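Notes for the one structure printed next.
The values are calculated or read from the model by the stated rules, or taken from the named source; none is laboratory data. Model, not experiment: these values are computed from the prediction. Glycine gets a Cβ as well: all are built from the backbone with ideal geometry, and neighbour counts include every protein chain shown. Just so you know, the surface numbers come from the protein's heavy atoms only, side chains and all, with ligands and any DNA or RNA stripped out. Shrake-Rupley method; radii C 1.70, N 1.55, O 1.52, S 1.80 Å.
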Amino acid sequence: MMLALSSHLNTYLLIGAFLFAAGFYGLVQRRSLIGMLIAGELVLSGASVNLMAFNRFLAPDPTVGQIFTLFIMGIAAAEAAIALSIIIAVYRNYKTIDAPDLHDLQG
Amino acid sequence: MVHSLLTVEGLSGLVFLAMVAATASGALIAINSKRLVRAVAGLALSFTGVAGLYYFLNSPFVALMEMLIYVGAVCVTIVFAVMLAEPRSESKVGKGSGMGALFGAIVSGLVFLGVAAVSTTTKWPVAAAKVNSGSITEVGLALLTPFSMVFELISVVLLVAIIGALALAHSGREKE
């Protein structure tokens with residue numbers, strides 16, 4: 001039955017795998033640093049969905065996965081703040097945020 | 001079929017399908033759109049769908065935090081960065097070379113198929129009994145008793161991140 005999908009573990013695992021693969025594709029294919037940051041957030045989100053699904057269906061203590069996901073959110077917020085300030089500093093110095101144009105250290 | 005859609009289970013199943021569609025389409029918009037602002041909007045749509053999935057996973061508090069932190073804070077911050085750092089003339093995001101994009105699509109498709117095959121064929125062991133219900137009260141108690149050290153540490157991490165972001169942005173400005 002299509003409408004009982006929300007009570008199966010595999011549904012959430014497939015969604016998590018899709019988010020991870022989409023984020024991976026974005027990381028490979030984007031040229032701009034902000035696009036890469038967006039794809040990285042998608043990867044983190046896929047990992048969180050996986051953890052929450054295991055927490056709901058398999059874990060003996062259903063609070064642990066929720067708390068772990070909350071900590072992932074805190075780390076992701078800190079990571080986004082740092083990455084964006086680095087991107088803005090790079091833009092001030094190079095006038096571009098395209099990754100292929102930032103080749104000062106290339107030999 | 002129409003009759004079964006009007007029951008509680010049928011309506012919640014429809015809402016679940018809508019959340020899955022929002023997650024998947026938002027992710028596709030976020031990685032494929034030409035303009036970065038549209039990519040951020042797709043990211044916000046995807047996070048909204050993920051928050052709905054968390055609600056279906058018996059975690060309303062995490063769903064609320066997903067909306068507050070990701071949609072409310074992270075996406076808005078990325079929009080500000082796009083406005084500050086996107087060159088006006090070339091605001092369109094150039095794609096990589098055709099070969100690179102094709103190769104990336106093949107590899108990420110293989111990653112998806114591999115993870116999906118492993119996760120659907122594995123026999124996951126289910127816990128015999130749950131020690132609590134996982135409600136908001138239980139989450140709060142666990143956050144402030146066994147996990148209190150981590151709870152304090154992540155506040156330090158966030159403080160350092162904020163100060164570091166300010167320092168980075170400020171030093172870049174002084175140089176000009």
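The rows are residues; the columns are (1) under 16 Å from A:I88 (Cβ atoms); (2) more than 24 Å from the chain's Cα centre (by Cα); (3) modelled with pLDDT under 85.
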position	(1), (2), (3)
B:G140	no, no, no
B:F147	no, no, no
B:V150	no, no, no
B:S155	no, no, no
B:V160	no, no, no
B:L166	yes, yes, no
B:S171	yes, yes, yes
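Determine, yes or no, whether B:M67 is modelled with pLDDT under 90 and either more than 7 Å from every other protein chain (Cβ to nearest Cβ) or within 22 Å of A:G26 (Cβ to Cβ) (or both). Spell out the reasoning first.
Working: modelled with pLDDT under 90: no; either more than 7 Å from every other protein chain (Cβ to nearest Cβ) or within 22 Å of A:G26 (Cβ to Cβ) (or both): yes.
In short, no.
Among the numbered criteria (1) in contact with a helix residue (DSSP H, G or I) (Cβ under 6 Å, 6 or more places away or on another chain); (2) more than 7 Å from chain B (Cβ to nearest Cβ), which single criterion is violated by A:S7?
Of everything listed in (1) in contact with a helix residue (DSSP H, G or I) (Cβ under 6 Å, 6 or more places away or on another chain); (2) more than 7 Å from chain B (Cβ to nearest Cβ), A:S7 misses just condition (1).
Among the residues of the stretch B:1-21, which ones are small (G, A, S) and open to solvent by 20 Å² or more (accessible area, probe 1.4 Å)?
Of all residues in the stretch B:1-21, those small (G, A, S) come to B:4, B:10, B:12-13, B:18, B:21.
Within the stretch B:1-21, B:S4, B:S12, B:A18, B:A21 meet the criteria.
Restricted to the stretch B:22-47, and to residues that are surrounded by 18 or more Cβ atoms within 10 Å (Cβ to Cβ) and of a type in the set (V, I, T), which residue is farthest from A:I34 (Cα to Cα)?
That would be B:T23.
Taking into account only those residues within the stretch A:89-101 that are without any contact (Cβ under 8 Å) to a residue 40 or more places away in the chain and open to solvent by 30 Å² or more (accessible area, probe 1.4 Å), which is farthest from B:M83 (Cα to Cα)? Outline the logic, then answer.
Step one: of the stretch A:89-101, the residues without any contact (Cβ under 8 Å) to a residue 40 or more places away in the chain are A:89, A:91-96, A:101.
Okay, now just the ones that are also open to solvent by 30 Å² or more (accessible area, probe 1.4 Å), so A:91-95, A:101.
Values: A:Y91: 12, A:R92: 13, A:N93: 17, A:Y94: 16, A:K95: 14, A:D101: 20 Å.
Of everything passing the filter in the stretch A:89-101, A:D101 is farthest from B:M83 (Cα to Cα).
Which residue out of B:V50, B:V62, B:V71 is more than 21 Å from A:T63 (Cβ to Cβ), of a type in the set (A, V, I, L, M, F, W, C) and in a helix (DSSP H, G or I)? Working first, answer last.
Numbers: B:V50 fails: more than 21 Å from A:T63 (Cβ to Cβ); B:V62 fails: more than 21 Å from A:T63 (Cβ to Cβ).
One residue alone meets the criteria, B:V71.
Looking at the stretch A:36-66, which of its residues are facing another protein chain (nearest Cβ under 7 Å), open to solvent by 10 Å² or more (accessible area, probe 1.4 Å) and small (G, A, S)?
A:A59, the sole residue that qualifies.
Taking the criterion of being more than 8 Å from chain B (Cβ to nearest Cβ), touching a helix residue (DSSP H, G or I) at 6+ places or on another chain (Cβ under 6 Å) and open to solvent by 40 Å² or more (accessible area, probe 1.4 Å), would at least one residue in the stretch A:12-25 satisfy it?
No: the stretch A:12-25 contains no residue that is more than 8 Å from chain B (Cβ to nearest Cβ), touching a helix residue (DSSP H, G or I) at 6+ places or on another chain (Cβ under 6 Å) and open to solvent by 40 Å² or more (accessible area, probe 1.4 Å).
One line per residue, one yes/no per condition, for (1) under 27 Å from B:L158 (Cβ atoms); (2) without any contact (Cβ under 8 Å) to a residue 60 or more places away in the chain; (3) of a type in the set (S, T, N, Q):
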| position | (1), (2), (3) |
| --- | --- |
| A:L5 | no, yes, no |
| A:I34 | yes, no, no |
| A:G40 | yes, yes, no |
| A:S48 | yes, yes, yes |
| A:F54 | yes, yes, no |
| A:D61 | yes, yes, no |
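Considering only residues that are more than 9 Å from chain A (Cβ to nearest Cβ) and of a type in the set (D, E), which ones fall in the stretch B:121-167?
Hit for the stretch B:121-167 is B:E152, nothing else.
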